[in-house]
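Enquirer: Dropping the structure in here first, questions after.
Computed from the coordinates by the stated procedures, all read-outs in this text should not be read as laboratory data. Treat the numbers as computed from the prediction; the structure is a model and nothing was measured. So basically every Cβ, Gly included, is an ideal-geometry build from the backbone, and we count neighbours across all protein chains shown.
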Amino acid sequence: MNKKIFIMAYSRKNLGDDIFIKMILEKYPNFQFYMKIPDENFLEWLTMKYKNLHVLKGEDTDEELYKSNVEDYDAYIYVGGSIFMEGGKVYNLSPKFYDFVKRCKEKNIPFCYISSNYGPYKTKEYFELSRKNFKACTDICFRDKYSYNLFQDIPNVRYAPDYAFSYNLGPQEKIEKSVGISVIDLNIRDYLKDKSSIYYKWLLNNINAYIKEGYSIYLYSFCEHEKDEETIDYLMKKLGKNENIKDVRYRGNIDEFLELYAKMEYTICSKFHAMVLSCIANQKMYVTSYSNKISNVIDDLNLDIPLLNLKDIKENDIIELKDFKSVKREQMEIIRTKAKEQEKMLVKSLEQCKE
């Protein structure tokens, strides 16, 4: 009988999370995976390509998970980055969520977390609930050392680089004189709202500077749901018609999107997984950080790449292309090997879960 595995993830056509799901589906083609989402279109491309993924329509909330029978599945996988934010949405580690994980432990059903980071959190109550959750789960592998250090005394807490660092992107010939820019919407991030206007002007000034130097610009949206496309729409309207400016919007087809992204010669990375993918693709890059989760990983892995915190952005600062840097291939191979440890305990758990 095929093993039934339930996956929890941020399923909103967000490129980074969809890559996580794709990697798991390819790793275990003989297992049957199930996900519950409110809109089937969020996983349309993945379900068309991978017959071992089954979508259950419904709300992906703590409440819905709490009402479930843990014995309906042979194992549970929660894969995602910023899934432990106090006050966050979707599965956000409420007492009911902890109760579900505890029930899994009582029934000896694996529950594994893959490639997450912890925080921000505000209260001692949330932190202590997190500790109880991590003690109850089968395995949790953080993707940054800050998160790991908070809980390293718990035996089943581990650290490895982000799971996507082990993604097989494949070699792509670069488009000469191309600059790819992954954009974000600062208006949905309360701590950066006041920088939104400056960010737009900064982007426009840099884009115009590169065009004057004869470069083609590719604007990348990694997630429509997080309003990346609204930033692109604004920029395209301001820039007007220009054959040297193209917009590339992720709508679920991972292979098509990454084939073009990997061809960029230079990249400005505002998304976490834009940085990861640019490292894999051996691109000359410059990182603009909206969160400590980005700077933490750069420090953890000793990545010699330039970083600009969006809190410090000034509209007239032009990033010169000579200042972009790529990560050495030898270093990337070490990181890729270590990143595979994200799924080390998952492999064991799935092999041992009930028939």
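Enquirer: Would you mind working out the magnitude of the charge dipole of region 278-340 relative to its Cα centre, with +1 at each Lys and Arg C-beta and -1 at each Asp and Glu C-beta, to the nearest 20 Debye?
Expert: Computed charge dipole of region 278-340: roughly 320 debye.
Enquirer: Name all residues of region 297-312 having a backbone nitrogen under 11 Å from the label point set 7 Å from the Cα of residue 149 along its Cα→Cβ direction, giving them as ranges.
Expert: Correct set: 300.
Enquirer: Further, regarding this structure: Between residue 188 and residue 99, what's the calculated FRET efficiency when r is the beta-carbon distance and R0 is 45 Å? Round to 0.05.
Expert: It comes to 0.90.
Enquirer: Using packing as a proxy for protection, rank 44-55, 329-340, 72-83, 277-288 so that the peptide with the highest average count of other Cβ atoms within 10 Å comes first.
Expert: So the peptides 44-55, 329-340, 72-83, 277-288, ranked by packing, come out 277-288, 72-83, 44-55, 329-340.
Enquirer: Counting pairs of Cα atoms in region 186-270, how many percent are more than 22 Å apart?
Expert: Distances greater than 22 Å cover 27 percent of the Cα pairs.
Enquirer: Same structure, new question: Given R₀ = 51 Å, what would the calculated FRET efficiency be for residue 347 paired with residue 320, taking r from the Cβ atoms and rounding to 0.05?
Expert: Calculated value: 0.70.
Enquirer: Sticking with this one: For the chain, state the semi-axes of the equivalent ellipsoid (square roots of 5 times the eigenvalues of the alpha-carbon gyration tensor), sorted largest first and rounded to whole angstrom.
Expert: The equivalent ellipsoid of the chain has semi-axes of 35, 21, 20 Å.
Enquirer: On a 0 to 90° scale, report how tilted helix 15-27 is relative to the longest principal axis of the chain, with both axes built from alpha carbons and the result rounded to the nearest 10.
Expert: Rounded to the nearest ten degrees, it is 50.
Enquirer: Give me the compactness ratio for region 46-98, meaning the Cα radius of gyration over 2.2 N^0.38 Å.
Expert: 1.29
Enquirer: Compute the helix-to-body angle for 329-339: its Cα long axis versus the longest principal axis of the chain, expressed 0 to 90° and rounded to tens.
Expert: The two axes meet at around 30 degrees.
Enquirer: Neighbouring Cβ atoms within 10 Å as the yardstick, rank 270, 116, 291 fewest first.
Expert: Final ranking by Cβ density, sparse to dense: 291, 116, 270.
Enquirer: Could you state the angle between the C-alpha long axis of helix 124-136 and the longest principal axis of the C-alpha atoms of the chain, as a value from 0 to 90 degrees rounded to the nearest 10?
Expert: Relative to the chain, helix 124-136 is tipped by roughly 60 degrees.
Enquirer: Just how large is the dipole of the chain about the Cα centre, in debye to the nearest 20, putting +1 at every Lys and Arg Cβ and -1 at every Asp and Glu Cβ?
Expert: Working: 55 positive and 55 negative charges, 77 e Å.
So the dipole magnitude of the chain works out to roughly 360 debye.
Enquirer: Using the Kirkwood formula over every pair of different C-alpha atoms, what hydrodynamic radius in Å results for region 178-329?
Expert: Kirkwood radius, region 178-329: 15.5 Å.
Enquirer: Something else: Would you tally the net charge around residue 296, using a Cβ to Cβ cut-off of less than 12 Å, leaving residue 296 out, and scoring K and R as +1, D and E as -1?
Expert: -1
Enquirer: State, to one decimal in nm, how far the label point of residue 172 lies from the label point of residue 242, with both points 7 Å from Cα in the Cβ direction.
Expert: Distance between the two pseudo-spin positions: 2.2 nm.
Enquirer: Further question on the same structure: Using helices alone, what [θ] at 222 nm do you get for the chain, with -39,500 (n - 2.57) per DSSP H run of 4 or more residues, divided over all residues and rounded to the nearest 500?
Expert: For the chain, the value works out to -11000 deg cm²/dmol.
Enquirer: Using 0.36 nm per residue of separation minus the Cα-Cα distance, give me the extension gain between residue 4 and residue 128 in nm, one decimal.
Expert: Working it through step by step, the gained length comes to 41.5 nm.
Enquirer: Counting other C-beta atoms within 10 Å, which of 185, 300 has the fewest, and how do the rest follow?
Expert: Result, fewest neighbours first: 300, 185.
Enquirer: Starting from 0.36 nm per residue, how many nanometres of slack lie between residue 57 and residue 212 once their C-alpha separation is accounted for?
Expert: Between residue 57 and residue 212, full extension yields 50.9 nm more.
Enquirer: Right, another one. Within a 10 angstrom radius of the beta carbon, how do 189, 143 rank from fewest other beta carbons to most?
Expert: Starting with the residue having the fewest Cβ neighbours, the order is 189, 143.
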